[in-house]
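Novice: Quick one: structure below, then a few questions.
The values are calculated or read from the model by the stated rules, or taken from the named source; none is laboratory data. This one's a predicted model, so the numbers in the text were calculated from it and none came from an experiment. Quick reminder, even Gly has a Cβ in these numbers, built from the backbone with ideal geometry, and neighbours come from all protein chains shown. To get the accessible areas, we keep the full protein, side chains included, count just its heavy atoms, and leave off ligands, DNA and RNA. Shrake-Rupley method; radii C 1.70, N 1.55, O 1.52, S 1.80 Å.
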Amino acid sequence: MTQTEIKDRHIPTFLLSSPLRRVFENPYTLLRQFVKGGMTVADHGSGPGYYTVPMAKLVGENGTVYAVDSDQKAVMALEKKLEKLGIKNVKAYVSRDLSPIPDESVDFLLSKDVLCCTVLHKELAQDIWRVLKRGGKAYITVRLGKVGKDPRAIGAEEFFSLFSNAKEKGKTRLKAWVIIEK
Ligand SMILES: C[S@@+](CC[C@H](N)C(=O)[O-])C[C@H]1O[C@@H](n2cnc3c(N)ncnc32)[C@H](O)[C@@H]1O
């Protein structure tokens, strides 16, 4: 098996949509800093849409949200949720990369704990940069893992080196994040 054939880690959709999550993590707290009405935004590794739905509400009917996840089940759960809520401004794709999104088309991209679920670290970092408009921003987070055993795991050093031009960055014992601007 080659490195890129190693499967992405998929997280059960019930865990990502758990009502308990709202108690600890309000998606609007983060998104309101970056997302405005009429924007084109992307939720990379959207899962069943914990951040996608708030993004769709914040950009409004004149905005667009691209939601991309490599887990077909997660995308199906997202599509079902969107239909139930009558949300029509989300384009959802099953994909391991950001190829469904055109070059330089996105004002803001969120990649929340995705790079730590795949071996495609470098490829996705380049793809995130490709889809951003000039002046567009991305907020990228990872759960830090022990490097060596699982090739999908990412350490802080590798993560920060992928985004060496980050405008802001930070880390705790378990997590690391960057904000980049093109
Ligand atoms: C920890 S979950 C986070 C989901 C979502 N961002 C959230 O915060 O609710 C990681 C997600 O990334 C997806 N994923 C893993 N590798 C991926 C890849 N190469 N491309 C797109 N999505 C991927 C998984 O299927 C999973 O839904």
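Novice: What are the pairs, 6+ residues apart or on separate chains, where a residue within region 1-24 that is closer than 17 Å to Pro48 by Cβ and modelled with pLDDT of 85 or more has its Cβ under 8 Å from a residue that is basic (Lys, Arg) and open to solvent by less than 100 Å² (accessible area, probe 1.4 Å)?
Specialist: Asp8/Arg96; Asp8/Arg152; Arg9/Arg152
Novice: Check off (1) within 12 Å of the ligand (Cβ to nearest atom); (2) modelled with pLDDT under 95 for Gly45 and give me the number that stays unchecked.
Specialist: It fails just one condition, (2).
Novice: What pairs come up if the first residue lies in region 77-91 and is closer than 13 Å to Glu61 by Cα, the second is part of a helix (DSSP H, G or I), and their beta carbons are under 7 Å apart, counting only those six or more places apart or on different chains?
Specialist: Sorted first by the residue in region 77-91, then by its partner, the pairs are Ile87/Val53; Ile87/Ala56; Asn89/Ala56; Asn89/Val59; Val90/Thr52; Val90/Ala56; Val90/Leu82.
Novice: Considering region 99-113 alone, what residues qualify as being hydroxyl-bearing (Ser, Thr, Tyr) and surrounded by fewer than 16 Cβ atoms within 10 Å (Cβ to Cβ)?
Specialist: Of everything in region 99-113, those that are hydroxyl-bearing (Ser, Thr, Tyr) and surrounded by fewer than 16 Cβ atoms within 10 Å (Cβ to Cβ) turn out to be Ser99, Ser105.
Novice: Taking Ala56 as the residue in question, decide whether it is buried (at least 17 other Cβ atoms within 10 Å of the Cβ), within 13 Å of the ligand (Cβ to nearest atom) and either farther than 26 Å from Pro151 by Cβ or free of Cβ contacts under 8 Å to residues at least 60 places away in the same chain (or both).
Specialist: For Ala56, the condition - buried (at least 17 other Cβ atoms within 10 Å of the Cβ), within 13 Å of the ligand (Cβ to nearest atom) and either farther than 26 Å from Pro151 by Cβ or free of Cβ contacts under 8 Å to residues at least 60 places away in the same chain (or both) - is not met.
Novice: Same structure again: Just checking, how many residues over region 22-42 are more than 11 Å from the ligand (Cβ to nearest atom), under 21 Å from Lys133 (Cα atoms) and open to solvent by 20 Å² or more (accessible area, probe 1.4 Å)?
Specialist: So the count comes out to 8.
Novice: Being more than 19 Å from Asp43 (Cα to Cα) and touching a helix residue (DSSP H, G or I) at 6+ places or on another chain (Cβ under 9 Å), is that true of even one residue in region 128-146?
Specialist: So far as region 128-146 goes, yes, one or more of its residues are more than 19 Å from Asp43 (Cα to Cα) and touching a helix residue (DSSP H, G or I) at 6+ places or on another chain (Cβ under 9 Å).
Novice: Mind listing just one residue for me: the one in region 59-76 that is more than 10 Å from the ligand (Cβ to nearest atom) and of a type in the set (A, V, I, L, M) and, of those, nearest to Ala138 (Cα to Cα)?
Specialist: Of all residues in region 59-76, those more than 10 Å from the ligand (Cβ to nearest atom) come to 59-66, 76.
Restricting the remaining residues to those that are of a type in the set (A, V, I, L, M) gives 59, 65, 76.
Numbers: Val59: 16, Val65: 14, Met76: 25 Å.
The residue in question is Val65.
Novice: May I ask you to list the residues in region 77-98 that are within 14 Å of the ligand (Cβ to nearest atom), open to solvent by less than 80 Å² (accessible area, probe 1.4 Å) and assigned to a loop (DSSP other than H, G, I, E, B)?
Specialist: Within region 77-98, Ser95, Asp97, Leu98 qualify.
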